[in-house]
1. Out of GLU90, GLU41, GLU86, I need the residue that is of a type in the set (D, E, K, R), touching a residue at least 12 places away in the same chain (Cβ under 8 Å) and either under 21 Å from ARG135 (Cβ atoms) or touching a Cys at 6+ places or on another chain (Cβ under 8 Å) (or both). Which one?
2. Answer yes if at least one residue in the stretch 139-151 is of a type in the set (Gly, Ala, Ser) and closer than 23 Å to LYS75 by Cβ, and no otherwise.
3. Within the stretch 77-123, work out how many residues are farther than 18 Å from LYS51 by Cβ, in contact with a helix residue (DSSP H, G or I) (Cβ under 6 Å, 6 or more places away or on another chain) and of a type outside the set (Gly, Ala, Ser).
4. Would you mention how many residues in the stretch 51-74 are in contact with a Gly (Cβ under 9 Å, 6 or more places away or on another chain) and either touching a residue at least 40 places away in the same chain (Cβ under 8 Å) or buried (at least 18 other Cβ atoms within 10 Å of the Cβ) (or both)?
5. Scan (1) more than 27 Å from LYS34 (Cβ to Cβ); (2) basic (Lys, Arg); (3) surrounded by 12 or more Cβ atoms within 10 Å (Cβ to Cβ) for the single condition ARG81 breaks and write down its number.
6. Going residue by residue through the stretch 61-79, is there one that turns out to be over 30 Å from PRO95 (Cβ atoms) and modelled with pLDDT of 70 or more?
7. Output the residues belonging to the stretch 95-150 that are open to solvent by 50 Å² or more (accessible area, probe 1.4 Å) and touching a Pro at 6+ places or on another chain (Cβ under 9 Å).
8. Mind listing whichever residues of the stretch 181-191 are within 18 Å of SER153 (Cβ to Cβ) and either assigned to a loop (DSSP other than H, G, I, E, B) or open to solvent by 60 Å² or more (accessible area, probe 1.4 Å) (or both)?
Amino acid sequence: MFFKKIFIPAILFIIASGISFSQNNLNQEIEKIKSTQPAPEHNILLNFVGKYRVLISLFADQGAPQYGKGESINKILMDGRYIEFETAIEMDSYPLIYKYIIGYDNIRKMYSLYSIDNVSTNQLISYGKLDRKARTITFNGQFQNMIDKSMNSFSIVFSLVSDSKFEIDLFIGDEKNKFHRSKTKYILIDR
(Lines give C-alpha, C1' and ligand atoms only; values in the text may rest on other atoms or scores of the structure.)
Protein backbone atom coordinates (compact mmCIF):
# COMPACT_ATOMS: atom_id res chain seq x y z
CA MET A 1 0.00 0.00 0.00
CA PHE A 2 2.80 2.41 0.95
CA PHE A 3 4.41 1.62 -2.34
CA LYS A 4 1.32 2.50 -4.44
CA LYS A 5 0.15 5.58 -2.54
CA ILE A 6 3.39 7.31 -1.65
CA PHE A 7 6.40 5.84 -3.36
CA ILE A 8 5.08 5.70 -6.96
CA PRO A 9 3.67 9.28 -6.89
CA ALA A 10 6.94 10.51 -5.34
CA ILE A 11 8.97 8.82 -8.10
CA LEU A 12 6.64 10.24 -10.78
CA PHE A 13 6.98 13.72 -9.24
CA ILE A 14 10.77 13.44 -9.25
CA ILE A 15 10.77 12.23 -12.87
CA ALA A 16 8.36 15.01 -13.95
CA SER A 17 10.49 17.61 -12.15
CA GLY A 18 13.58 16.27 -13.86
CA ILE A 19 11.92 16.52 -17.27
CA SER A 20 10.85 20.07 -16.55
CA PHE A 21 14.35 20.92 -15.28
CA SER A 22 15.89 19.35 -18.36
CA GLN A 23 13.55 21.33 -20.64
CA ASN A 24 14.61 24.57 -18.90
CA ASN A 25 18.26 23.63 -19.32
CA LEU A 26 17.62 22.77 -22.97
CA ASN A 27 15.95 26.16 -23.56
CA GLN A 28 18.89 27.93 -21.90
CA GLU A 29 21.36 26.00 -24.04
CA ILE A 30 19.41 26.88 -27.19
CA GLU A 31 19.53 30.58 -26.25
CA LYS A 32 23.28 30.34 -25.60
CA ILE A 33 23.81 28.75 -29.01
CA LYS A 34 21.70 31.44 -30.71
CA SER A 35 23.83 34.16 -29.08
CA THR A 36 26.96 32.67 -30.67
CA GLN A 37 25.55 32.61 -34.21
CA PRO A 38 25.53 35.48 -36.71
CA ALA A 39 22.47 37.68 -36.18
CA PRO A 40 20.62 39.88 -38.69
CA GLU A 41 22.94 42.73 -37.64
CA HIS A 42 25.85 40.80 -39.16
CA ASN A 43 24.26 41.04 -42.62
CA ILE A 44 25.30 44.71 -42.95
CA LEU A 45 28.92 43.50 -43.06
CA LEU A 46 28.24 41.77 -46.39
CA ASN A 47 28.00 45.22 -48.02
CA PHE A 48 31.75 45.68 -47.50
CA VAL A 49 32.89 42.34 -49.01
CA GLY A 50 34.98 42.42 -52.17
CA LYS A 51 38.06 43.81 -53.84
CA TYR A 52 38.14 47.61 -53.86
CA ARG A 53 40.14 50.44 -55.37
CA VAL A 54 40.99 52.81 -52.50
CA LEU A 55 41.59 56.57 -52.55
CA ILE A 56 42.67 58.31 -49.34
CA SER A 57 43.03 61.93 -48.30
CA LEU A 58 44.99 62.62 -45.09
CA PHE A 59 44.40 66.05 -43.60
CA ALA A 60 47.10 67.67 -41.47
CA ASP A 61 46.83 70.34 -38.78
CA GLN A 62 49.05 72.48 -40.98
CA GLY A 63 50.06 72.18 -44.59
CA ALA A 64 48.58 70.51 -47.60
CA PRO A 65 46.69 67.21 -47.48
CA GLN A 66 48.43 64.02 -48.57
CA TYR A 67 46.83 61.67 -51.06
CA GLY A 68 47.24 58.00 -51.78
CA LYS A 69 45.71 55.14 -53.70
CA GLY A 70 45.73 51.40 -53.42
CA GLU A 71 43.57 48.32 -52.98
CA SER A 72 41.65 46.56 -50.28
CA ILE A 73 40.50 42.97 -50.10
CA ASN A 74 37.64 42.56 -47.65
CA LYS A 75 36.42 39.09 -46.73
CA ILE A 76 34.04 37.47 -44.31
CA LEU A 77 35.54 35.45 -41.46
CA MET A 78 34.18 32.70 -39.23
CA ASP A 79 30.84 32.03 -40.92
CA GLY A 80 29.79 35.67 -41.13
CA ARG A 81 30.68 36.75 -37.61
CA TYR A 82 33.39 39.19 -38.77
CA ILE A 83 34.74 40.97 -41.81
CA GLU A 84 38.45 41.58 -42.36
CA PHE A 85 39.75 44.53 -44.38
CA GLU A 86 43.30 44.20 -45.73
CA THR A 87 44.27 47.52 -47.25
CA ALA A 88 47.53 48.61 -48.89
CA ILE A 89 47.91 52.22 -50.04
CA GLU A 90 50.83 54.02 -51.69
CA MET A 91 51.15 57.47 -50.19
CA ASP A 92 53.43 60.18 -51.57
CA SER A 93 56.29 59.24 -49.27
CA TYR A 94 55.51 55.84 -47.75
CA PRO A 95 53.32 52.75 -48.01
CA LEU A 96 50.32 52.64 -45.66
CA ILE A 97 49.09 49.18 -44.70
CA TYR A 98 46.25 48.58 -42.30
CA LYS A 99 43.87 45.88 -41.24
CA TYR A 100 40.41 46.18 -39.74
CA ILE A 101 38.37 43.42 -38.19
CA ILE A 102 34.73 44.32 -37.63
CA GLY A 103 32.01 42.26 -36.01
CA TYR A 104 28.72 42.52 -34.17
CA ASP A 105 28.60 41.51 -30.52
CA ASN A 106 25.26 39.78 -29.83
CA ILE A 107 25.68 40.24 -26.07
CA ARG A 108 26.64 43.94 -26.01
CA LYS A 109 24.36 44.71 -28.97
CA MET A 110 27.15 46.77 -30.56
CA TYR A 111 29.54 46.60 -33.47
CA SER A 112 33.23 46.24 -32.65
CA LEU A 113 36.27 47.39 -34.60
CA TYR A 114 39.88 46.30 -34.15
CA SER A 115 42.44 48.21 -36.23
CA ILE A 116 46.20 47.88 -36.74
CA ASP A 117 48.57 49.55 -39.20
CA ASN A 118 52.23 49.84 -40.16
CA VAL A 119 52.74 53.44 -38.99
CA SER A 120 52.30 52.86 -35.26
CA THR A 121 52.13 50.14 -32.63
CA ASN A 122 48.74 51.33 -31.36
CA GLN A 123 45.85 48.96 -31.72
CA LEU A 124 42.56 50.82 -31.99
CA ILE A 125 39.65 49.07 -30.34
CA SER A 126 36.27 50.73 -30.52
CA TYR A 127 32.57 50.05 -30.39
CA GLY A 128 29.83 51.47 -32.55
CA LYS A 129 26.20 51.67 -33.51
CA LEU A 130 24.43 51.27 -36.82
CA ASP A 131 22.22 54.04 -38.15
CA ARG A 132 20.14 52.19 -40.77
CA LYS A 133 18.52 55.34 -42.14
CA ALA A 134 21.87 57.10 -42.70
CA ARG A 135 23.51 53.79 -43.73
CA THR A 136 26.42 54.38 -41.35
CA ILE A 137 28.23 52.61 -38.54
CA THR A 138 29.95 55.05 -36.19
CA PHE A 139 32.70 53.70 -33.93
CA ASN A 140 34.05 55.64 -30.95
CA GLY A 141 37.15 54.97 -28.89
CA GLN A 142 40.36 56.35 -27.44
CA PHE A 143 44.03 55.97 -28.26
CA GLN A 144 47.24 57.10 -26.61
CA ASN A 145 49.25 59.74 -28.47
CA MET A 146 52.70 58.33 -29.31
CA ILE A 147 54.47 61.64 -28.66
CA ASP A 148 52.99 63.16 -25.51
CA LYS A 149 51.25 59.99 -24.19
CA SER A 150 47.93 61.85 -23.81
CA MET A 151 44.64 60.04 -24.37
CA ASN A 152 42.71 61.16 -27.45
CA SER A 153 39.17 60.38 -28.54
CA PHE A 154 38.44 59.26 -32.08
CA SER A 155 35.46 58.39 -34.25
CA ILE A 156 35.48 56.25 -37.36
CA VAL A 157 32.40 56.49 -39.57
CA PHE A 158 31.71 53.83 -42.21
CA SER A 159 29.19 55.18 -44.76
CA LEU A 160 27.54 53.06 -47.44
CA VAL A 161 27.30 55.41 -50.43
CA SER A 162 25.91 52.83 -52.87
CA ASP A 163 26.07 49.10 -53.58
CA SER A 164 29.53 49.59 -55.08
CA LYS A 165 30.98 52.41 -52.92
CA PHE A 166 31.59 53.20 -49.30
CA GLU A 167 33.64 55.74 -47.37
CA ILE A 168 35.47 55.80 -44.07
CA ASP A 169 35.99 59.09 -42.23
CA LEU A 170 38.36 59.36 -39.27
CA PHE A 171 37.88 62.16 -36.75
CA ILE A 172 40.26 62.91 -33.87
CA GLY A 173 39.03 64.71 -30.74
CA ASP A 174 35.81 64.93 -28.81
CA GLU A 175 32.50 66.44 -29.94
CA LYS A 176 33.63 69.99 -29.01
CA ASN A 177 37.03 69.82 -30.71
CA LYS A 178 36.84 67.36 -33.62
CA PHE A 179 39.44 67.30 -36.42
CA HIS A 180 38.72 65.47 -39.71
CA ARG A 181 41.92 63.42 -40.07
CA SER A 182 41.15 61.36 -43.16
CA LYS A 183 38.62 60.35 -45.78
CA THR A 184 39.01 57.01 -47.54
CA LYS A 185 36.88 56.09 -50.55
CA TYR A 186 36.36 52.47 -51.54
CA ILE A 187 35.19 51.72 -55.11
CA LEU A 188 34.22 48.11 -55.86
CA ILE A 189 36.33 46.25 -58.41
CA ASP A 190 34.98 42.73 -57.89
CA ARG A 191 32.72 40.97 -55.42
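The values are calculated or read from the model by the stated rules, or taken from the named source; none is laboratory data. It should be emphasised that the depicted structure is a prediction, and the values quoted were computed from it without experimental measurement. Here the Cβ is made from the backbone with ideal geometry for all residues, glycine too, and neighbour counts use every protein chain on show. Areas reflect the complete protein model, heavy atoms only, side chains present, ligands, DNA and RNA absent. Shrake-Rupley method; radii C 1.70, N 1.55, O 1.52, S 1.80 Å.
1. Criteria check complete, one pass: GLU41.
2. Scanning the stretch 139-151, I find no residue that is of a type in the set (Gly, Ala, Ser) and closer than 23 Å to LYS75 by Cβ, so the answer is no.
3. Qualifying residue count, the stretch 77-123: 2.
4. Final tally of qualifying residues: 8.
5. Every condition holds for ARG81 apart from (1).
6. Yes, the stretch 61-79 contains a residue that is over 30 Å from PRO95 (Cβ atoms) and modelled with pLDDT of 70 or more.
7. The answer is ASN118, and nothing else.
8. Step one: list which residues in the stretch 181-191 are within 18 Å of SER153 (Cβ to Cβ), which gives 181-182.
Of everything in the stretch 181-191, just one residue is within 18 Å of SER153 (Cβ to Cβ) and either assigned to a loop (DSSP other than H, G, I, E, B) or open to solvent by 60 Å² or more (accessible area, probe 1.4 Å) (or both), namely ARG181.
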